[in-house]
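Trainee: Submitted below is the structure of interest, expressed as structure tokens.
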Amino acid sequence: MNKNIRRTLLSLAVAGATFAALPGQALAAGKITIMVGGITKMVYLPAKLADQLGYFKEEGLDVELQSQPAGVDAENELLAGAVQAVVGFYDHAIDLQTKGKEITAITIFGQVPGEVELVSTKAAPNFKSMADAKGKTLGVTGLGSSTNFLTQYLASRHGITSKEFSVLPVGADNTFIAAMKQGRIDAGMTTEPTASLMLKTGDAQVLVDMRTVEGTVKALGGLYPASSLYVQRSWLNSHKDEAQKLARAFVKTLRFIHTHTAEQIADKMPKDYYGNNRALYVQALNNSLPMYSVDGKMPKGGPETVLSVLSGFNPNVKGKHVDLSKTYTDEFVNQVK
């Protein structure tokens, strides 16, 4: 073979090997992007708190947190391969398995949803409970979101189908508040600190409170593991070291939450999270503390409750076989000392 041709082929082979190695190198030392379904929501507070406490860096991780207004949007980013992980509700793992997608939660943040169904003060006289939802417009963060799931279930418990009320995606925080004040929704599901703010201003009243274990068991029939860190199973199988580090960072964060006051936790959060009303933020955080897991493990009976809720109204889930063991794993949180 001509020397020049041999040299050219050798150069191309080396270049090809180099480019082939780049993806692996990027994964080994690259950034992990986590999409959060509303980063300022207190149900997802462990995500930002872990970053603020420096726990990702302690694990040698380069983590970038991004935010979408609803969990379903974050889920779509994960399925598209745009992010490596999502901080969102565990129920998506069950819903997606029925659609042929394998998603696994590796750390549970909330043993209850932390959600509140609020009714506007204007609508309250004729809207005493979810039994009055027929003909009403109910706000959710997004279509296909966990707030949408829970809203449909709460109505179905009173024999009201999704065709008998309207659902309007209004996001969270300021957009939720505006929708209720403007009368575009009669009631809606939201989280802290939005709930405490609307109750304080007198613009809303509580219909269903799922911020506590007692309230959740009353509304849903058992513990409902909600906010969590979940990933695609294919990513998990090839990135166990990163998964272990993420789990360790978040378990340390959950321990911090349970060993510090709401005031101390608020001190660690960015000031723009509470603006000029730090006292209200601390109050809302105090209301939220009972929902957080102590150890990041899946609560006993939790997956079964979630499956039961989804089966109650979701035709994609009802009657379908779901392998709950594939929707979560305690493998990584169990190894945190």
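Trainee: As a check on your grasp of the helix formula, calculate [θ] at 222 nm for the chain: sum -39500 (n - 2.57) over DSSP H runs of n ≥ 4, divide by the residue count, round to the nearest 500.
Mentor: After summing the helix terms and dividing by residue count, I get -12500 deg cm²/dmol.
Trainee: List the residue ranges in the chain for DSSP H helices whose C-alpha atoms run 20 angstrom or more along the long axis and whose Kyte-Doolittle average is 0.0 or above.
Mentor: What comes out of the filter, once short or polar helices are dropped, is 3-29.
Trainee: Taking a 1.4 Å probe, which of 227, 234, 166 shows the most accessible area, and what order do the others take after it?
Mentor: The ranking, largest first, comes out as 234, 166, 227.
Trainee: Amide H to amide H, which residues 5 or more places from residue 33 or on other chains are under 5 Å from it, using H placed in the peptide plane?
Mentor: Here the answer is 64, 84, 85, since their amide H atoms fall under 5 Å of that of residue 33.
Trainee: Gain in length, residue 182 to residue 286, computed as 0.36 nm per residue apart minus the alpha-carbon separation, to one decimal in nm?
Mentor: Difference between extended and current length: 34.5 nm.
Trainee: Would you mind working out the magnitude of the charge dipole of the chain relative to its Cα centre, with +1 at each Lys and Arg C-beta and -1 at each Asp and Glu C-beta, to the nearest 20 Debye?
Mentor: For the chain, the charge dipole is close to 520 debye.
Trainee: Just want the answer: with Cβ charges of +1 for Lys and Arg and -1 for Asp and Glu, which residue in 191, 336, 140 is farthest toward the dipole's positive end in the chain?
Mentor: 336
Trainee: May I pose another question? Quick one: accessible area per residue over segment 131-216, 1.4 Å probe, rounded to a whole number of Å²?
Mentor: 40 Å²
Trainee: Can you match Cα extents along the principal axes in Å to one of these, [x] 64, 49, 37; [y] 90, 46, 38; [z] 59, 42, 40, based on a calculation from the structure here?
Mentor: The listed entry that was calculated here is [y].
Trainee: In segment 58-207, what percentage of the DSSP-assigned beta bridges are antiparallel, given to the nearest 5?
Mentor: For segment 58-207, the DSSP antiparallel bridge percentage is about 55.
Trainee: Name the long-range amide H neighbours of residue 165: under 5 Å, sequence gap of 5 or more, or other chain; modelled H, no Pro or chain starts.
Mentor: For residue 165, whose amide H was placed from the backbone, the distant partners under 5 Å are 135.
Trainee: Further, regarding this structure: What order do 278, 184 take when sorted by accessible area (1.4 Å probe), most exposed first?
Mentor: From most exposed to least exposed: 184, 278.
Trainee: Would you mind checking which residues have amide H under 5 Å from residue 317's amide H? H placed 1.01 Å from N; only 5 or more apart, or other chain.
Mentor: Amide H neighbours of residue 317, under 5 Å, 5+ apart: none.
Trainee: Quick one: pull the percent of accessible area on segment 131-288 belonging to carbon and sulfur, 1.4 Å probe, ligands and nucleic acids left out.
Mentor: Summing carbon and sulfur atoms, their accessible area is 48 percent of the total for segment 131-288.
Trainee: Between residue 268 and residue 295, what is the FRET efficiency for a Förster distance of 22 Å, r being their Cβ-Cβ separation, to the nearest 0.05?
Mentor: 0.60
Trainee: Counting only protein chains, not ligands or nucleic acids, how are 92, 158 ordered by accessible area (probe 1.4 Å), most first?
Mentor: So, going from the largest accessible area down, we get 158, 92.
Trainee: Let me ask something else about it. Relative to the present Cα-Cα distance, how much length would full extension add between residue 203 and residue 277 at 0.36 nm per residue of separation?
Mentor: Contour length minus the Cα-Cα distance gives 24.9 nm.
The values are calculated or read from the model by the stated rules, or taken from the named source; none is laboratory data. These numbers were taken from a predicted model, which means no experiment stands behind them. Cβ coordinates were reconstructed from backbone atoms using ideal geometry, including for glycine residues, and neighbour counts include every protein chain displayed. To get the accessible areas, we keep the full protein, side chains included, count just its heavy atoms, and leave off ligands, DNA and RNA. Shrake-Rupley method; radii C 1.70, N 1.55, O 1.52, S 1.80 Å.
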